[in-house]
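To keep things clear, I will list the structure first and then write my remarks on it.
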Amino acid sequence: MTDHEKHIRELRARAMRLPLHPGVYLMHDKSGTIIYVGKAKALKNRVSQYFGSEKNHDEKVRQMVAHVEWFEYILTDSEFEALVLECSLIKQHTPKYNILLKDDKGYSYIRVTKGPWPRISEAKQTADDGAEYIGPYVSGWSVRQSVEAAQHIFRLPTCSRVFPRDIGKGRPCLNYFIKQCCAPCCGRVTEEEYGEAVSDALDFLRGGSAESVRELTGRMEEAAENLEFERAARIRDRLAAIRKMAERQKVVCSRVAEQDVVAMTQGGGKTCFEVFRFEKSRLTDRETFFSNGTGTPKAARGEFLERYYSMRERIPPRVILDGPAEGQELIARWLSEKAGRKVTVTVPQKGEQARLAEMCRNNAAEQLAQTTGRTGREASALDELARLLGLPEPPAYIESYDISNLAGEENVAGMVVFENGRPLRSAYRRFKIKSVVGQDDYASMREVIARRFDEYRKNEASGEGFGRLPDLILLDGGRGHVAAVQPVLDAAGLSVPLFGMVKDDRHRTRAIAKNGGEIAINSNRSAFTLVSTIQDEVHRFAIGYHRTLRKKTVISSTLLSIEGVGPTRAKALLRRFRTISAIRDADLQELLETPGLTEPTAQSIYAYFHPDGPKN
């Protein structure tokens, strides 16, 4: 037994002597630094779990436990008091292995440069640079959205060109042609017209769209009466852009006047949390946070809510989650006491609120995708699949298997791999079934999985190819396939999640099979699309291999029926000519050029394909 194993055993023995009482525990490293703070309803049960089997821990917990030198604890009168104390201690000590959110919430400003060709932009702080600063605003996201909207509506340039210095020195960029810039660089707009557009944009930013619409409508009518049709047309286009923008914003409106929507997604060793903040039924702010490690979604949500609202004074009367959080009722009580009124924390199952939670989760997936190399759609699909199957985190490396044969003949299997939601064709593998005679898909699948994990044992040290353990195995088949293969994994001592992919009567993906039942996936759009793609791909790959072997068998049997042609000469002919048609079309001299072929045999082959003799 190593020194580390002895130390873990000692820590577990100490943890087993803790009381079954609510409290807070603090993990210390060798230097005495607090590296993790947690709360527990029963200290003995919770703390002893850390020093049990590593198989029950995710990577983040394993790393934390590896650095624990000793721990201490503080008893509390209730689990709620433990929650309050935990929040206070985490804020005080900022332990390394707790979720620590960087609070970059500050004031934002709208910056307007001086001069004849002013520019509008977002700024995090004011500077003594001669520009005008409008603000401050609490929500940087709102300022950024508003500035971008104003630039789009009033067709203001966003490039790095300087005016009037760069006027006439280049061609207009794409933004001009898609009507998102008035192209002052090419002299397409006068200084007066540009100044009017900037002035209108500032009115829009200061007064909002409703006031801008009233003001612009009056000016458009006045321009039309004065027969200034070009000016009236410009104003009309701005009004249309404002209305279009307002229509788009309705998508993120809520019937609930004030609430927060919190969602998360995991992958690539990271967790991304997204918060949508609604006031007066409109989305007014959006925040994104990342943390290293994953952990169970339920625990991650609970910890995030504690950290997030510990650094926020504004607490809405309602918090919507995309899934259950650990200690959800306690957190609702804590938020209620903090806000001085009732706060509800709920997980909606349907309707508008469920759609908002899904939209928030999709945005979290998109943000995470930018850091992991996936697309937002792939990250969302993997996250949804993990939730559906009860996996601790999204499966980055998925292996799928299918058996193909014709009445038990040419029995083969195909294995495809999807990494980060995409086919990894370099990892695809084909298997010829060796131990099964006749048509027995269960036995064939058992053989394939056994052979695959025999190779894992041989190549485990490399961590590549067969030496890499999948995060999920999907079999093309139902509960019978899962029940047949699960004992193989159990015997190998592997805890790889195993499920089947079930098709309906039309050979379309219908559900996911597990031991003892099925999980319907039709209502989970992203996961359904991913699983359907995997099932179609593994079926295509397996049946393609089966057809190739059958074709070779037919070709070989045709050649072997010719006098003087054995297996070696048949292979030589196929190596040279590739197809039976090419052999049939070859003349005697071309056949003689085949390595190992004698003249009598060449004549036999030619006579076989030309029984009426050579053509004149």
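The residue that is surrounded by the fewest Cβ atoms within 10 Å (Cβ to Cβ), counting only those in the stretch 346-395 that are over 18 Å from THR296 (Cα atoms) and small (Gly, Ala, Ser), is GLY351. None of GLY32, GLY38 is among the small types (Gly, Ala, Ser), surrounded by 19 or more Cβ atoms within 10 Å (Cβ to Cβ) and not assigned by TED's automatic domain parsing to the domain that holds PRO297 except GLY38.
The residue that is surrounded by the most Cβ atoms within 10 Å (Cβ to Cβ), among those in the stretch 323-334 that are over 19 Å from THR265 (Cα atoms) and in contact with a strand residue (DSSP E or B) (Cβ under 7 Å, 6 or more places away or on another chain), is ILE331. The set of residues in the stretch 36-46 being out of contact with any Phe, Trp or Tyr (no Cβ under 9 Å at 6 or more places or on another chain) and either modelled with pLDDT of 95 or more or closer than 11 Å to ALA82 by Cα (or both) consists of LYS41, ALA42. Selection of the stretch 572-581 for residues being in contact with a helix residue (DSSP H, G or I) (Cβ under 8 Å, 6 or more places away or on another chain) and either surrounded by fewer than 16 Cβ atoms within 10 Å (Cβ to Cβ) or touching a residue at least 24 places away in the same chain (Cβ under 8 Å) (or both) yields LEU573, THR579, ILE580.
Just one of (1) assigned to a loop (DSSP other than H, G, I, E, B); (2) under 30 Å from LYS270 (Cα atoms) fails for ILE473. It is (1). Every condition in (1) surrounded by 14 or more Cβ atoms within 10 Å (Cβ to Cβ); (2) modelled with pLDDT of 85 or more; (3) under 29 Å from GLU287 (Cβ atoms); (4) not assigned by TED's automatic domain parsing to the domain that holds ARG236 is met by THR113 except one, and the failing one is (4). Residues that are surrounded by fewer than 17 Cβ atoms within 10 Å (Cβ to Cβ) and at pLDDT 80 or above were ranked within the stretch 556-570; the one that is nearest to GLU599 (Cα to Cα) is GLY564. Within the stretch 70-102, the set of residues being in contact (Cβ under 8 Å) with a residue 60 or more places away in the chain and assigned to a loop (DSSP other than H, G, I, E, B) comprises PRO95, LYS96, TYR97, ASN98, ILE99, LEU100, LEU101, LYS102. Within the stretch 270-291, the residues that satisfy the criterion of being over 17 Å from the mean Cα position of the chain (by Cα) and among the basic types (Lys, Arg) are ARG277, LYS280, ARG282, ARG286.
The set of residues in the stretch 124-153 that are within 31 Å of the chain's Cα centre (by Cα) and hydroxyl-bearing (Ser, Thr, Tyr) comprises SER139, SER142, SER146. Looking across the stretch 9-20, the residues that are crowded, with 18+ Cβ neighbours inside 10 Å and farther than 23 Å from VAL84 by Cβ come down to LEU11, ALA15.
Per the listing ASP260, ASP285, the residue uniquely assigned to a strand (DSSP E or B), touching a Phe, Trp or Tyr at 6+ places or on another chain (Cβ under 6 Å) and at negative phi is ASP285. Of the residues examined, ALA127 is not one that is without any contact (Cβ under 8 Å) to a residue 40 or more places away in the chain and touching a Ser or Thr at 6+ places or on another chain (Cβ under 6 Å).
Yes/no per residue for (1) over 43 Å from the mean Cα position of the chain (by Cα); (2) not in a loop (DSSP other than H, G, I, E, B):
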| site | (1), (2) |
| --- | --- |
| ARG155 | no, no |
| THR158 | no, no |
| PRO164 | yes, no |
| GLY170 | no, no |
| ARG188 | yes, no |
| GLU193 | yes, yes |
| VAL198 | no, yes |
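Annotation: ILE512 fulfils all but one of (1) under 25 Å from SER426 (Cα atoms); (2) in contact (Cβ under 8 Å) with a residue 60 or more places away in the chain; the unmet one is (1). Contact map, the stretch 21-35: residues that are over 18 Å from LEU83 (Cα atoms) paired with residues that are part of a strand (DSSP E or B), Cβ distance under 7 Å, separation 6+ or inter-chain. Pairs shown: HIS28/ILE34; HIS28/ILE35; HIS28/TRP70; HIS28/PHE71; ASP29/ILE35. Beta carbons closer than 9 Å, at least 6 apart along the sequence or on distinct chains, never pair a first residue in the stretch 144-155 that is assigned by TED's automatic domain parsing to the domain that holds THR284 and over 17 Å from LYS179 (Cα atoms) with a second that is in a helix (DSSP H, G or I) and at pLDDT 85 or above. Can ILE74 be described as surrounded by 14 or more Cβ atoms within 10 Å (Cβ to Cβ), outside the structural domain of GLU191 (by TED's automatic domain parsing), aliphatic (A, V, I, L, M) and modelled with pLDDT of 85 or more? Against the criterion (surrounded by 14 or more Cβ atoms within 10 Å (Cβ to Cβ), outside the structural domain of GLU191 (by TED's automatic domain parsing), aliphatic (A, V, I, L, M) and modelled with pLDDT of 85 or more), ILE74 qualifies. For the stretch 292-404, the helices (runs of 4 or more DSSP H) that sit wholly inside it and include 1 or more residues that are within 18 Å of GLN259 (Cα to Cα), polar (S, T, N, Q) and under 24 Å from the mean Cα position of the chain (by Cα) are 351-372. The set of residues from the stretch 434-448 being among the aliphatic types (A, V, I, L, M) and in contact with a strand residue (DSSP E or B) (Cβ under 7 Å, 6 or more places away or on another chain) comprises VAL436, MET445, VAL448. Looking at the stretch 420-431, is at least one residue part of a strand (DSSP E or B), among the hydrophobic types (A, V, I, L, M, F, W, C), within 26 Å of the chain's Cα centre (by Cα) and at pLDDT 90 or above? Within the stretch 420-431 (the criterion being part of a strand (DSSP E or B), among the hydrophobic types (A, V, I, L, M, F, W, C), within 26 Å of the chain's Cα centre (by Cα) and at pLDDT 90 or above), the answer is no, since none of the residues qualifies.
Table: residues versus (1) of a type in the set (Asp, Glu); (2) assigned by TED's automatic domain parsing to the domain that holds PHE528; (3) free of Cβ contacts under 8 Å to residues at least 60 places away in the same chain.
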{"position": "LEU330", "(1), (2), (3)": "no, no, no"}
{"position": "LEU335", "(1), (2), (3)": "no, no, yes"}
{"position": "THR346", "(1), (2), (3)": "no, no, yes"}
{"position": "MET359", "(1), (2), (3)": "no, no, no"}
{"position": "GLU366", "(1), (2), (3)": "yes, no, yes"}
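For the stretch 283-322, the candidate set comprises residues that are over 28 Å from VAL61 (Cα atoms) and of a type in the set (D, E, K, R); within that set, the residue that is surrounded by the fewest Cβ atoms within 10 Å (Cβ to Cβ) is GLU313.
Listed here are the residues, each with its yes/no results for (1) more than 30 Å from ALA379 (Cα to Cα); (2) free of Cβ contacts under 8 Å to residues at least 60 places away in the same chain; (3) aromatic (Phe, Trp, Tyr).
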| residue | (1), (2), (3) |
| --- | --- |
| VAL412 | yes, no, no |
| ALA427 | no, yes, no |
| TYR442 | yes, yes, yes |
| ILE449 | no, yes, no |
| LEU472 | no, no, no |
| VAL482 | no, yes, no |
| VAL485 | no, yes, no |
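The values are calculated or read from the model by the stated rules, or taken from the named source; none is laboratory data. Note that the structure is a prediction, hence the values are computed from the model and not measured. All Cβ positions, glycine included, derive from the backbone under ideal geometry; neighbour counts span all protein chains shown.
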